[in-house]
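Some notes on the structure that comes next.
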Amino acid sequence: MAEPDVTSRRSAPLDAVSKAIIEQLQQDGRRPYARIGEAVGLSEAAVRQRVQRLIDSGVMQIVAVTDPLELGFARQAMIGLHVDGPIEPVADALAEMDEIDYVVVTAGGFDILAEAVCESDEHLLEVLSSRIRAIPSVRSTETFVYLKLRKQTYSWGVR
């Protein structure tokens, strides 16, 4: 199932308390609600309700971030795509693929960037050749194979 289009959601601006809760969870996604409540001045129940509303509205999600190499996925790559015609149908088709974990429509050298997580070079080749390049209106692709991850962060704070 494709992830919802996060850029199309419109919600009320976040208040300072919701932002503080998000910052607490960015530091430690398993931090107990009671401890978060102490830090932001709410009860545990009020924090639980706010967190659920933030999740339900698509403002945030709480997930376990893993190292794909440790889980048997030996190959990761960013794929830049040039598309003829409408971009959204191609982005939607990519988002439906299990191996694709990130899809963004861009302005610049590529129309779309998509990240693939695959079990092997052969698997990546199959995804590229048989599936991505088979999507109607994909004109060309350029693949950037990851050699070493130097930084990945999810704690950029709130504004």
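The values are calculated or read from the model by the stated rules, or taken from the named source; none is laboratory data. Note that the structure is predicted; figures quoted are calculated from it, not measured. Every residue, glycine as well, gets a Cβ built from its backbone with ideal geometry; the counts of neighbours run over all protein chains shown.
Quick notes
- The numbered conditions (1) aliphatic (A, V, I, L, M); (2) crowded, with 16+ Cβ neighbours inside 10 Å; (3) closer than 24 Å to ALA114 by Cβ are all true for VAL63 except (2).
- Check on SER140, in contact with a His (Cβ under 9 Å, 6 or more places away or on another chain), more than 30 Å from ILE21 (Cα to Cα) and either assigned to a helix (DSSP H, G or I) or not assigned by TED's automatic domain parsing to the domain that holds SER18 (or both): yes
- Qualifying positions in segment 22-36 - at pLDDT below 95 and not in a loop (DSSP other than H, G, I, E, B): ILE22, GLU23, GLN24, LEU25, GLN26, GLN27
- Residue check, PHE144 of a type in the set (Phe, Trp, Tyr), over 30 Å from PRO13 (Cα atoms) and free of Cβ contacts under 8 Å to residues at least 60 places away in the same chain: no
- Meets criteria (part of a helix (DSSP H, G or I), under 26 Å from GLN152 (Cα atoms), touching a residue at least 12 places away in the same chain (Cβ under 8 Å) and not acidic (Asp, Glu)) for VAL117: no
- Scanning segment 46-73 for residues that are within 15 Å of ARG30 (Cα to Cα) and either touching a Cys at 6+ places or on another chain (Cβ under 8 Å) or in a helix (DSSP H, G or I) (or both) returns VAL47, ARG48, VAL51, GLN52, ILE55.
- Close contacts from segment 27-42, counting a first residue that is without any contact (Cβ under 8 Å) to a residue 12 or more places away in the chain and a second that is surrounded by fewer than 15 Cβ atoms within 10 Å (Cβ to Cβ) and among the polar types (S, T, N, Q), with Cβ to Cβ under 7 Å and a gap of 6+ residues or different chains, come to GLY37/SER43.
- Within segment 66-84, residues that are of a type in the set (D, E, K, R) reach partners that are buried (at least 16 other Cβ atoms within 10 Å of the Cβ) and not in a strand (DSSP E or B) with beta carbons closer than 8 Å, at six or more positions or on different chains, in the pairs ARG75/HIS123; ARG75/LEU124.
- Yes/no for GLY108 being loosely packed, with under 14 Cβ neighbours inside 10 Å, at pLDDT below 95, in a loop (DSSP other than H, G, I, E, B) and not charged (D, E, K, R): yes
- Subset of segment 85-95 (residues that are in contact (Cβ under 8 Å) with a residue 40 or more places away in the chain and either assigned by TED's automatic domain parsing to the domain that holds VAL17 or on the phi < 0 side of the Ramachandran plot (or both)): PRO86, PRO89, VAL90, ASP92, ALA93, LEU94, ALA95
- Residues in segment 74-100 that are surrounded by fewer than 18 Cβ atoms within 10 Å (Cβ to Cβ) and part of a loop (DSSP other than H, G, I, E, B): ALA74, ASP84, GLY85, PRO86, ILE87, GLU96, MET97, ASP98.
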